[in-house]
Ligand code: HGY
Ligand code: MN
Ligand code: MN
């Protein structure tokens, strides 16, 4: 294979060997955090499951002779070569949404280790180090803010705000991190860590069906849709479900019900998607009219104006419904990610490298957020997608065909080979 820079590398990846190694590696990871009944995954940061995931990551790295370190924010780094500036970084995350699928995140981490194996089998001699990163709390499932590990590292989240984030049991990130051995007081912008990264490439299962529609096993990301999370709080009056006349009620569930239905119709008008997937009812008793309802809106669209339009119109609708029922409504933004356009020269380089390797990879946008998107504010980043036959994600039904996963490893290995054997100026500038 001849890379765009003209260096030839016989990345004679052996699909059968990769498949065997994939099966073995996947089998060691799969049981961790898996619900025996639903088959879904509950992998949340700074929990016993997370500790097992971190131990798995360290074991995979150690058996490959990689040096593992944990950065000030709790992200794990596995180094092939001496940590210096301008390294080629890859990896993804191991945490999940509640009841999530097996591939979202872990496919990128497993593929990174196997791509490293393929490079070594092909005798690739890197001119710079490779590092595999496991970012923590990418899903924001425990503390409510997605891509927390990469946001902290790049300074996109105030560390004091982050440390005060709490989970459903009221445990703060600071306390959970300290209990897990990560010094919460050290969390924050990590210029030293960022300086070590010349370029970051993340492989991820596609969360959609573009690759199915284009009959391709691997794709390259062009952009991430702007998206965010808003908390809608409906405050009424708790009371007895059996003795309170309808006219005397200030039931927050009613304006919330109006708001859920409006979220769908308003999303349609703005050509967006909106979801209320998480609700907290206080006191959540069958025979008690709720005092308060907290609900989280996740809304996304191809452009930022559409997302803002959804939030603006839905907030107005929620307030009007609240007034009609004597319920106070408060809307607060909890996270926001502007549109991410991936580094064009690097993206085109990946497409060219894959083409040279005989892999025709379409370029496609995604509505899903990723650490690569957050990091793109600080270093050139790119993403590879692996075909998802059903497009389903954030569900136990999420899966990818093994043959496509092997293609993903081969594609990642080809891309890493090019980036690891190219002159520095072509990598850090992504030229
Ligand atoms: O929510 C997302 O888009 C990502 O899976 N964290
Ligand atoms: Mn996800
Ligand atoms: Mn993910």
### Query
Are there any pairs, at least 6 apart or on different chains, whose C-beta atoms fall under 7 Å, with the first in the stretch 338-350 and surrounded by fewer than 22 Cβ atoms within 10 Å (Cβ to Cβ) and the second modelled with pLDDT under 95, and if so, which?
343/430; 345/430; 345/431
### Summary
Over the stretch 23-40, the set of residues surrounded by fewer than 14 Cβ atoms within 10 Å (Cβ to Cβ) and within 22 Å of residue 169 (Cα to Cα) is 35
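Wholly within the stretch 330-431, which helices (runs of 4 or more DSSP H) include no fewer than the required count, namely at least 3 residues that are within 15 Å of ligand 1 (Cβ to nearest atom)?
By residue number, 371-375.
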#### Entry: Residue check for residue 199: away from ligand 2 (no atom under 16 Å from the Cβ), in a loop (DSSP other than H, G, I, E, B) and under 20 Å from residue 88 (Cα atoms)
no
## Note on the structure
For the stretch 261-282, the count of residues that are over 25 Å from the mean Cα position of the chain (by Cα) and closer than 19 Å to residue 325 by Cα equals 4
### Task
Examine the stretch 277-299 for a residue that is surrounded by fewer than 19 Cβ atoms within 10 Å (Cβ to Cβ) and assigned to a helix (DSSP H, G or I), and state whether such a residue exists.
no
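Collect the residues in the stretch 169-196 that are part of a loop (DSSP other than H, G, I, E, B) and touching a residue at least 40 places away in the same chain (Cβ under 8 Å), keeping them in residue-number order. Please lay out each step first, then the result.
Looking only at the stretch 169-196, we keep the residues that are part of a loop (DSSP other than H, G, I, E, B), and these are 169-171, 180-183, 187-190, 196.
Within the stretch 169-196, 180, 182, 183, 187, 188, 190, 196 qualify.
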### Query
Would you pick out the residues in the stretch 253-288 that are touching a helix residue (DSSP H, G or I) at 6+ places or on another chain (Cβ under 8 Å) and over 30 Å from residue 339 (Cα atoms)?
254, 255, 281
### Query
Looking at this structure, is residue 108 within 16 Å of ligand 2 (Cβ to nearest atom), in contact with a strand residue (DSSP E or B) (Cβ under 9 Å, 6 or more places away or on another chain) and under 21 Å from residue 417 (Cβ atoms)?
yes
### Query
What's the number of the condition residue 307 fails, among (1) more than 16 Å from ligand 1 (Cβ to nearest atom); (2) part of a helix (DSSP H, G or I); (3) in contact with a strand residue (DSSP E or B) (Cβ under 6 Å, 6 or more places away or on another chain)?
(1)
### Message
Among (1) in contact with a strand residue (DSSP E or B) (Cβ under 6 Å, 6 or more places away or on another chain); (2) in contact (Cβ under 8 Å) with a residue 60 or more places away in the chain, there is one condition residue 156 misses while meeting the rest; what is its number?
### Response
(1)
### Query
In the stretch 41-59, which residues are closer than 20 Å to residue 167 by Cα and buried (at least 21 other Cβ atoms within 10 Å of the Cβ)?
41, 43, 44, 45, 46, 50, 53
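Rundown of residues vs (1) in contact (Cβ under 8 Å) with a residue 40 or more places away in the chain; (2) within 16 Å of ligand 1 (Cβ to nearest atom), yes/no style:
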site: 61; (1), (2): yes, no
site: 69; (1), (2): no, no
site: 73; (1), (2): yes, no
site: 91; (1), (2): yes, yes
site: 95; (1), (2): yes, yes
site: 104; (1), (2): yes, yes
site: 131; (1), (2): yes, no
site: 136; (1), (2): yes, yes
#### Entry: Hits in the stretch 66-82 (condition: part of a loop (DSSP other than H, G, I, E, B) and either closer than 17 Å to residue 375 by Cβ or within 16 Å of ligand 2 (Cβ to nearest atom) (or both))
71, 72, 73, 74, 75
### Message
Condition check: at pLDDT below 95, more than 16 Å from ligand 2 (Cβ to nearest atom) and not in a helix (DSSP H, G or I). Does residue 90 satisfy that?
### Response
no
### Task
Kindly indicate whether residue 95 is buried (at least 23 other Cβ atoms within 10 Å of the Cβ), in a loop (DSSP other than H, G, I, E, B) and out of contact with any helix residue (DSSP H, G or I) (no Cβ under 9 Å at 6 or more places or on another chain).
no
#### Entry: Enumeration of residues in the stretch 324-350 that are in contact with a strand residue (DSSP E or B) (Cβ under 8 Å, 6 or more places away or on another chain) and farther than 17 Å from residue 372 by Cβ
327, 328, 329, 330, 331, 332, 333, 334, 336
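The values are calculated or read from the model by the stated rules, or taken from the named source; none is laboratory data. Just so it is clear, the structure is predicted and the values come from calculations on it, not from any experiment. Glycine also receives a Cβ, built like all others from the backbone with ideal geometry; neighbour counts cover every protein chain displayed.
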